Amino acid sequence: MEFVKPTIEYAQLWPLFVVFGVACAGVLVEAFLPRPLRYVVQTVLAFSGLVAALVGTVVVASRLDELGEGEARGNLAMEGTLALDGPTVFLWGVILLFGLGGVLLFAERHLEGGVSAFAGQAAALPGTEAERQASTSGLDHTEVYPLMLFAVLGMMIFPAANDLLTMFVALEVLSLPLYLLCGLARRRRLLSQEAALKYFLLGAFSSGFFLYGVALVFGYAGSMEFAAINEAIRNDLGNRTLLLVGMGMLAVGLFFKVGAAPFQAWTPDVYQGAPTAVTAFMAAATKVAAFGAMLRLFYVAFGSDRWTWQPMMWVIAILTMLVGSVLAIAQTDVKRMLAYSSIAHTGFLLTGVLGVQSSTDLAIGQLTSLQAVMFYLVTYGFSTMGAFAVVTLVRDSGGEQTHLARWAGLGKESPLVAGVFAFFLLAMAGIPLTSGFIGKWAVFASALSAGAYPVVVVAILSSIIAAFFYVRVIRLMYFTEPGGQAPSVTNPSVLTAATIAVSAAVTLVLGVVPGPVLDLAGRAGEFIR
Amino acid sequence: MLAALSVLGGVLLAGDWIVGFLAPVVGEAEHHEPPLPALVITLLVTLVVAVGVAAAWFLVGKRDIPREAPHDVSFATRAARADLYGDAINEGLVVGPGRHVVSGLTTMDRVGVDGAVEGGSSAVGGMANTFRVVQNGFVRSYALSLLVGVLLVLLTLMVVNFS
Amino acid sequence: MTQLPWLTILIVLPLVGAVVTAYLPSRGAIARQVGLGFALVTLVVAVEMARQYDVGGGYQFSEQHEWINVFGAHYALGVDGLGLLMVLLTVVLVPIVMIASWHETDPKADVFFAWALVLEAFSVAVFAATDMFLFYIIFEATLIPAYFLIGGFGREGRGRAAVKFLIYQLAGGLVMLGSVIGFYVVSARAGNPTYLISDLAALDIDPDTQKWLFVGFFIAFAIKAPMFPVHTWLADTTEKATTGTSVLLVCILDKIGTFGMIRFCLELLPDASRWATPVVIVLALISIVYGALVAIGQDDMLRLIGLTSLSHFGLIVLGIFAFTPEGGAGAILYMVNHGIGTAALFLIAGFIVRRRGSALISDFGGMEKVTPVLAGAFLIAGLAAAGLPGLSPFVSEMLVIISAFDYAWWAGAVAVSAIVLAAIYILWMYQRTMTGPTRPEVAAFKDLDRREIGIVAPLLVALVLFGFFPQPLLDVINPSVDNTLMELGVTPSDHGVPTTTEEGE
């Protein structure tokens, strides 16, 4: 039997390899370098690796071939398992940016007095002598950097995956490190470990559904590749039930990852328990990757069968938006509140996903749903990452104070921190002059254009409900006197400060002049088959 | 004070300025001629006034005015003292019911209209507190909700396709 | 011919002033002067711009730059008669409010003045916007400085009032967002997505879509104006905020509601406006009577004045939706007059409240013996609100009532009752606070000082002046009203009342 060597387009895929290489190098660093050196080497390695990958992405993007009249760019790579098209490289860039933000936040050591936000010795049981020794001797887990890089690798492959198995592999590669990272908090370790276990169990459960869906769809179409699946659907030869159940299972796996209702139950607990730096990274980057994958799956693989999955998407979107915004009102913990707001945003993103129309229905230069969703992902990611980064600042000697009662009067105590957080909240509420508004506008426009009036009405309703709890926090910070203990803010080092500053700047700039980024998302073009 | 305003009035009338000051806004109105010439009407009015003054002088003014106002007087005098019951009619017909309407509306505004708004927001808050107990912290419940979600997704897919 | 970008200057100048005022290094010792300085410079620039305005010339001082290509949104500014008057109203009232709030906002005066300047910038922008997307963005953005002004300065309970205000207005704004996006979809279907008002006016939108778009816009503008039944945020806000903030809100921001009705509902959605007229007129009439009656029943002076605005705005909406030249002109003139008159009332009431420390009418009595100038000013401002002839609101009120009679006799009859009710609430309030035996708590009050007279006098003079000479204002208003009504298919008549020889209603 002849073995044909597979062609791998290294020249186009080298950003992926850089990330992978740096991750492996990080593991080696952990194994061989003496402890005092590890922190600096790991952070520098991770940071430079991500920067190199980002540069590489830009270079690869500029060299992509144009197809048609600029409607799409790029080509399939790795024997058709990866699609290197416009949306892929756009999302790679976004994920890498969030990865950079994540590295900066992970590396922050000012806030805990010289050690990072991660546990000294994760294996030490909470409350034992071993834990006390680990924390007093200033131990630190620097494995978080290679773990994060593996997660970034998975996140980059996920939206690029052009076939079901690759998608599944990417899903697992991105999820497993995240499960670990969630359990590594230095403070409130039991809560953190509980969050990690919940995420792992529920993630494994939903991955099981995903894999079952992969099997069923393969059974229907006879191939894993999206283009072939699309062909099979168009020819409609197989057992329709097989396709529907498979489609549903695949959707379930993806909905879990983005936190759509009724699969959102893990989100509040995990976001609250994980170290806040991990939450910031996770909330932004995972959604980008998962939505990219969802878009590719539904637009390419199931694209010709829109009318089958759109009603299902309507129901899930409506449910998600309502659950997210209503339940957030009852929250008294900032991280949980932000988690529910994150769920509501997933609902808005789903509203954009279901706004898909064929290009003949759209006017020239009209916003496509792909463009709208990608733009919203950018704006949502930056404002969420910035908001969680600010949450790390409000702390005292006992650790982060995330109970809302401790945030009362923050406006007087630290006007800058309160102002920036208020700005991020306004952006998440979708107030004009912030990027969140333009994102919402784009998403609603594509949904209305596709005729999804009920969904947009519910979206407007849940925006009104959501405005209430965002404004409540702003009011708490500025117009309420501190109750028992006053809020206290710890000054961060330049790492966190830079992340917050960049996020705030992006949120403002994209609110006032979103044109360039919107055009970039438009130029990325459609998915290729 | 009055003198100054009278001068002002004279100035305004001189040149018919006040007659026409609203003209740019509302247009010129036609000036109607009254059935009798204006001067005749003025003379008639002055005559009636003079008769009234004379009557008052002869009927009332020439008599002695008692130190105390007499109590036992005719109905006409009593009516005149009570301003022809003008105030009482006003009070009974307009002011009294008016007060009730006003207080009723003020209450309705606070309780009804505003209440609807505040009630709406309390209802949402109540819903929030009711539903948040679903998030009970047990993985098994979360996994169950995931299962329910799977059924929901499959159901919606099936319904659309087989209807 | 290179033209100065007047409107952009008018927007940027207060914004720069706000940043400077808020971040002055000397911890706000001269913040108030700096803030006032910027407001006065803006006033001068606006007056200079107004001098160059050509009365019959349509939209002027226009600027247009492409902003967001994909949305069809432009940075487009321009003012016609209506816009110009609203801009002038804004730039005149802001310095007056600043001087009035000189001592009231003492510890945080720099914050107050900075937010007031931001509000001024956004208000000018919203009245000058000729692109719907820009209008919407600024429409919502004005809520931010308003929220911080209400919540940060004023009486106990202002935090809650501010949240109520914000959520109410945001809800309206979000409903309007549906319509704004709807316009995008409609213009995209017609071939080219655009948001310029001039382009949208030329679009032919089918009546059913028009109705949905109209409903979205109208709800938002009705909440802004406010109208019955979405008015309950108004009284709470004016009660708790400082009177300076109330002036900014009621006399400037609320005008955005009725401005929007003319600019968007009437000009862009004429068929839907006609369809909705019966309901709108009924709501307007209810607002007129309801607002006045509930105002009569108030004991808090500031709540009372706030609720009178509900009544006044009912009259304005009535004038707008009567679809006659008199009605339109009367409504716009009413907007200007209401701005001046209610500002005077609020500011004088503010002086009264500051002296006593309470706004409850039952805490006052017999002030006219102690502070005659204050009482006199209060009376004039109050009579203006009641529509006394010789003061400017009379002219506009009369025009609106005439147009109401043109629509239907019963509409006119209900509107006329507004005059009676207005007289009741004003005079009764005056009687209870100013006349009668002087209460001991009131006896030590000082009369208006120079600063207070300096603010009130221009407003009162303006009321009297425009009461006798409304023509300059009407000259500016009439062309813009004609333009709007042309969209509705109403031919402009000779701006005059039908003479008594005409057979008519």
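The values are calculated or read from the model by the stated rules, or taken from the named source; none is laboratory data. Fair warning: this is a prediction, and the values are worked out from it, not measured in the lab. No Cβ is skipped: glycine too gets one built from the backbone with ideal geometry, and neighbour counts run over all protein chains shown. The area values use the complete protein model at the heavy-atom level, side chains included, leaving out ligands, DNA and RNA. Shrake-Rupley method; radii C 1.70, N 1.55, O 1.52, S 1.80 Å.
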Original post:
Got a number for residues in the stretch B:29-74 being within 14 Å of another protein chain (Cβ to nearest Cβ) and either surrounded by 11 or more Cβ atoms within 10 Å (Cβ to Cβ) or at pLDDT 75 or above (or both)?
Top reply: 1
Original post:
Pairs, please: C-beta under 8 Å, at least 6 apart or cross-chain, first residue in contact (Cβ under 8 Å) with a residue 40 or more places away in the chain and in the stretch A:96-115, second among the acidic types (Asp, Glu)?
Top reply: A:VAL115/A:ASP140
**OP:** Being within 14 Å of another protein chain (Cβ to nearest Cβ) and out of contact with any helix residue (DSSP H, G or I) (no Cβ under 6 Å at 6 or more places or on another chain) is the filter here, so list the residues in the stretch A:483-516 that pass it.
**Re:** A:LEU508, A:VAL509, A:VAL512, A:VAL513, A:GLY515, A:PRO516
Subject >> Top-ranked residue of the stretch C:457-473 - restricted to ones that are modelled with pLDDT of 90 or more and either among the acidic types (Asp, Glu) or farther than 16 Å from C:LEU388 by Cβ (or both), ranked as most open to solvent (accessible area, probe 1.4 Å) >> reply: C:PRO458
**OP:** Only residues that are at pLDDT 90 or above and open to solvent by 60 Å² or more (accessible area, probe 1.4 Å): list them for the stretch C:397-426, please.
**Re:** C:PHE405, C:TRP409, C:TRP410
Original post:
Which ones in the stretch A:444-474 are part of a loop (DSSP other than H, G, I, E, B) and either within 9 Å of chain C (Cβ to nearest Cβ) or open to solvent by 10 Å² or more (accessible area, probe 1.4 Å) (or both)?
Top reply: A:ALA450, A:GLY451
**OP:** Could you please find all residues in the stretch C:264-286 being in contact with a Gly (Cβ under 8 Å, 6 or more places away or on another chain) and under 18 Å from C:VAL490 (Cα atoms)?
**Re:** C:PRO270
**OP:** With a cut-off of at least 2 residues that are under 24 Å from the mean Cα position of the chain (by Cα) and of a type in the set (Gly, Ala, Ser), name the helices (runs of 4 or more DSSP H) lying wholly within the stretch C:350-467.
**Re:** C:372-386, C:392-407, C:409-434
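For every residue, the table says whether it meets (1) touching a Leu at 6+ places or on another chain (Cβ under 8 Å); (2) more than 30 Å from A:GLN331 (Cβ to Cβ).
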residue	(1), (2)
B:VAL51	no, yes
B:ARG81	no, yes
B:VAL101	yes, yes
B:VAL117	no, no
B:VAL148	no, no
Original post:
Between a first residue in the stretch C:275-294 that is closer than 17 Å to B:GLY112 by Cα and a second residue that is acidic (Asp, Glu), which pairs have beta carbons less than 8 Å apart while being 6 or more apart in sequence or on different chains?
Top reply: C:TYR290/B:ASP109; C:VAL294/B:ASP109
Subject >> Per-region count, the stretch B:133-162, residues open to solvent by 50 Å² or more (accessible area, probe 1.4 Å) and more than 14 Å from A:MET312 (Cα to Cα) >> reply: 8
Original post:
Of the residues that make up the stretch A:269-279, is at least one of a type outside the set (Gly, Ala, Ser), surrounded by fewer than 24 Cβ atoms within 10 Å (Cβ to Cβ) and touching a residue at least 40 places away in the same chain (Cβ under 8 Å)?
Top reply: yes
Subject >> Filter result (open to solvent by 60 Å² or more (accessible area, probe 1.4 Å) and in contact (Cβ under 8 Å) with a residue 40 or more places away in the chain) within the stretch A:36-60 >> reply: A:PHE47
**OP:** Only residues in the stretch C:115-133 that are under 17 Å from C:LEU84 (Cβ atoms) and open to solvent by less than 10 Å² (accessible area, probe 1.4 Å) count as the first member; pair them with residues that are in a helix (DSSP H, G or I) and among the small types (Gly, Ala, Ser), Cβ under 7 angstrom, at least 6 apart or cross-chain, and list the lot.
**Re:** C:GLU120/C:ALA39; C:PHE127/C:GLY83; C:ALA128/C:GLY83
**OP:** Mind counting the residues in the stretch B:117-143 that are basic (Lys, Arg) and closer than 26 Å to C:LEU166 by Cβ?
**Re:** 1
Subject >> Check on A:GLN12, more than 22 Å from A:GLY101 (Cα to Cα), of a type outside the set (Asp, Glu), in contact (Cβ under 8 Å) with a residue 40 or more places away in the chain and open to solvent by less than 50 Å² (accessible area, probe 1.4 Å) >> reply: yes
Subject >> Filter pass, A:PHE256 being within 10 Å of another protein chain (Cβ to nearest Cβ) and either aromatic (Phe, Trp, Tyr) or touching a helix residue (DSSP H, G or I) at 6+ places or on another chain (Cβ under 6 Å) (or both) >> reply: yes
**OP:** Could you identify the single residue in C:PHE122, C:PHE153 that is modelled with pLDDT of 90 or more and either over 24 Å from A:PRO454 (Cα atoms) or at the interface with chain A (Cβ under 10 Å from one of its Cβ atoms) (or both)?
**Re:** C:PHE122
Original post:
Mind checking which pairs have a first residue in the stretch B:94-116 that is closer than 21 Å to C:TYR168 by Cβ and within 9 Å of chain C (Cβ to nearest Cβ) and a second that is open to solvent by less than 60 Å² (accessible area, probe 1.4 Å) and in a helix (DSSP H, G or I), Cβ under 6 Å, 6 or more apart or different chains?
Top reply: B:LEU105/C:LEU293; B:LEU105/C:VAL294; B:THR106/C:VAL294; B:ASP109/C:VAL294; B:VAL113/C:THR232; B:ASP114/C:THR232
**OP:** Go through the stretch C:85-114 and count every residue that is within 29 Å of C:PRO479 (Cβ to Cβ), surrounded by fewer than 24 Cβ atoms within 10 Å (Cβ to Cβ) and not β-branched (Val, Ile, Thr).
**Re:** 3
**OP:** Report, by residue number, each residue of the stretch A:290-312 that is among the aliphatic types (A, V, I, L, M) and more than 13 Å from A:GLY253 (Cα to Cα).
**Re:** A:LEU295, A:VAL300, A:ALA301, A:MET312
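Yes or no, residue by residue, for (1) open to solvent by 40 Å² or more (accessible area, probe 1.4 Å); (2) over 26 Å from A:PHE118 (Cβ atoms); (3) β-branched (Val, Ile, Thr); (4) assigned to a helix (DSSP H, G or I):
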site: A:SER207; (1), (2), (3), (4): no, no, no, yes
site: A:TYR220; (1), (2), (3), (4): no, yes, no, yes
site: A:ILE229; (1), (2), (3), (4): no, yes, yes, yes
site: A:ALA232; (1), (2), (3), (4): no, yes, no, yes
site: A:LEU237; (1), (2), (3), (4): yes, yes, no, no
site: A:LEU243; (1), (2), (3), (4): no, yes, no, yes
site: A:PHE255; (1), (2), (3), (4): no, yes, no, yes
site: A:PHE263; (1), (2), (3), (4): no, yes, no, no
site: A:THR267; (1), (2), (3), (4): no, no, yes, yes
Original post:
Among the listed residues A:THR379, A:THR392, A:THR351, which satisfies the condition of being open to solvent by less than 10 Å² (accessible area, probe 1.4 Å), under 30 Å from B:VAL134 (Cα atoms) and of a type in the set (Ser, Thr, Tyr)?
Top reply: A:THR351
**OP:** Could you tell me whether A:GLN357 is touching a Pro at 6+ places or on another chain (Cβ under 6 Å) and not in a helix (DSSP H, G or I)?
**Re:** no
Original post:
Which of the residues spanning the stretch A:298-318 are in a helix (DSSP H, G or I), within 14 Å of chain B (Cβ to nearest Cβ) and open to solvent by less than 10 Å² (accessible area, probe 1.4 Å)?
Top reply: A:PHE298, A:THR308, A:TRP309, A:MET312, A:MET313, A:ILE316, A:ALA317
Original post:
Of A:ILE364, A:ILE329, A:ILE343, which residue is touching a residue at least 40 places away in the same chain (Cβ under 8 Å), open to solvent by 10 Å² or more (accessible area, probe 1.4 Å) and within 14 Å of another protein chain (Cβ to nearest Cβ)?
Top reply: A:ILE329
